[in-house]
Amino acid sequence: MKLGLVLEGGAMRGMFTAGVLDVMMEEGLTDFDGAIGVSAGACFGCNIKSLQHGRTVRYNLRFCGDWRYASFRSLFETGDLYGADFCYDQIPFHLDPFDVQTFSRNPMKFYCVCTDLETGRPVYKRIHTGEGEEMQWIRASASMPLVSRPVEIGGRLLMDGGISDSVPLRAFERKGYERNVVVLTQPEDYVKKPQKSMPLLRLALRAYPETVRDLETRYIRYNRASAYIKSQEEAGRVFVIRPEAPLEISSVEHDPSELVRVYELGRAVMKKRLEGLAEFMGRDRD
């Protein structure tokens with residue numbers, strides 16, 4: 001029976017996920033058969049396969065005040081709120097290197113989710129090394145509408161995976177992962193509402209009507225996915241780790257103390273759930 005790890009996105013709410021994953025690494029609870037991440041879930045979640053404890057919080061604290069990392073200046077000068085070259089080349093391959101060798105050797109399969117702009121359909125891309133074009137798939141997974149350029153790979157225009165599949169539990173189940181740990185970045189009582197920026201999104205993405213349709217109905221699909229996750233949790237097939245209250249952090253956060261606050265919330269929740277997680281994974285803890 002294959003064991004999977006499913007990671008929701010949410011921009012800097014992903015610091016909660018970083019805290020969760022670091023505690024998993026500290027406790028040796030990393031032997032998943034596969035993992036799948038959306039947006040920040042892909043950007044930060046890949047570190048569990050490369051076994052780079054602390055890397056996410058380290059580089060976020062180091063660069064949160066750097067305009068090249070995330071700023072409106074970056075948006076105006078490069079077309080991306082999160083600077084593409086800085087975030088997906090300078091940091092992972094020069095400033096705080098991503099361990100591609102460990103990532104490649106680790107037998108855990110890792111996938112990221114993108115949205116095909118032409119079709120509006122999710123694309124589930126397996127990442128083997130994280131080098132070259134594969135890092136661009138992770139970039140595409142986190143390229144949010146209005147504040148990012150589409151990413152062209154292999155003749156496809158790709159954007160944020162959350163547009164088409166925010167929490168890809170069903171997709172992972174279809175790949176044969178029968179038991180899954182799901183890390184969410186919203187509390188249990190969260191209900192997604194229609195997107196307030198739809199008029200701007202319709203205008204910006206008018207050439208891609210299928211993706212616009214996805215955005216218009218995203219809140220419905222998200223709430224259905226949440227209900228499905230809850231049913232699978234009650235059936236014992238899913239173990240859910242989620243914040244106990246709204247994280248209330250900006251999508252672009254320049255305050256290091258806020259990043260640490262959300263990271264520590266993730267650590268605290270995971271520490272409370274360690275015994276249950278170990279039992280779900282079939283692992284004994286001393």
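The values are calculated or read from the model by the stated rules, or taken from the named source; none is laboratory data. Note that the structure is a prediction, hence the values are computed from the model and not measured. Cβ: placed from backbone, ideal geometry, glycine included. Neighbour counts: every protein chain shown. All accessible areas refer to the heavy atoms of the entire protein, side chains included, with ligands and DNA or RNA removed. Shrake-Rupley method; radii C 1.70, N 1.55, O 1.52, S 1.80 Å.
Do we find a residue being at pLDDT 95 or above, touching a strand residue (DSSP E or B) at 6+ places or on another chain (Cβ under 7 Å) and under 24 Å from A11 (Cβ atoms) anywhere in region 196-203?
No, region 196-203 contains no residue that is at pLDDT 95 or above, touching a strand residue (DSSP E or B) at 6+ places or on another chain (Cβ under 7 Å) and under 24 Å from A11 (Cβ atoms).
Among the residues of region 147-166 satisfying the criterion of being open to solvent by 20 Å² or more (accessible area, probe 1.4 Å) and not small (G, A, S), which is nearest to R73 (Cα to Cα)?
V147
Taking region 167-204 as the search range and keeping residues that are of a type outside the set (F, W, Y) and assigned to a strand (DSSP E or B), which one is surrounded by the fewest Cβ atoms within 10 Å (Cβ to Cβ)?
Start the filter on region 167-204 by keeping residues that are of a type outside the set (F, W, Y), which leaves 167-171, 173-176, 178-189, 191-204.
Next cut, assigned to a strand (DSSP E or B) only: 178-183.
Working: E178: 12, R179: 19, N180: 26, V181: 23, V182: 22, V183: 26.
So, considering only residues that are of a type outside the set (F, W, Y) and assigned to a strand (DSSP E or B), the one surrounded by the fewest Cβ atoms within 10 Å (Cβ to Cβ) is E178.
Residue by residue, here is whether (1) at pLDDT 95 or above; (2) out of contact with any Ser or Thr (no Cβ under 8 Å at 6 or more places or on another chain); (3) open to solvent by 30 Å² or more (accessible area, probe 1.4 Å); (4) among the β-branched types (V, I, T) holds:
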residue: S104; (1), (2), (3), (4): yes, no, yes, no
residue: M108; (1), (2), (3), (4): yes, no, no, no
residue: C114; (1), (2), (3), (4): yes, no, no, no
residue: R126; (1), (2), (3), (4): yes, yes, yes, no
residue: M135; (1), (2), (3), (4): yes, yes, no, no
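Residues checked against (1) hydrophobic (A, V, I, L, M, F, W, C); (2) in contact (Cβ under 8 Å) with a residue 12 or more places away in the chain:
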residue	(1), (2)
A35	yes, yes
T56	no, yes
R68	no, yes
G83	no, yes
I91	yes, yes
P97	no, no
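What are the residue pairs meeting all of these: first residue in region 235-263, first residue within 22 Å of E188 (Cα to Cα) and open to solvent by less than 20 Å² (accessible area, probe 1.4 Å), second residue polar (S, T, N, Q) and not in a loop (DSSP other than H, G, I, E, B), Cβ atoms under 7 Å, and 6 or more apart or on different chains?
V238/N180; V238/Q232; L259/N60
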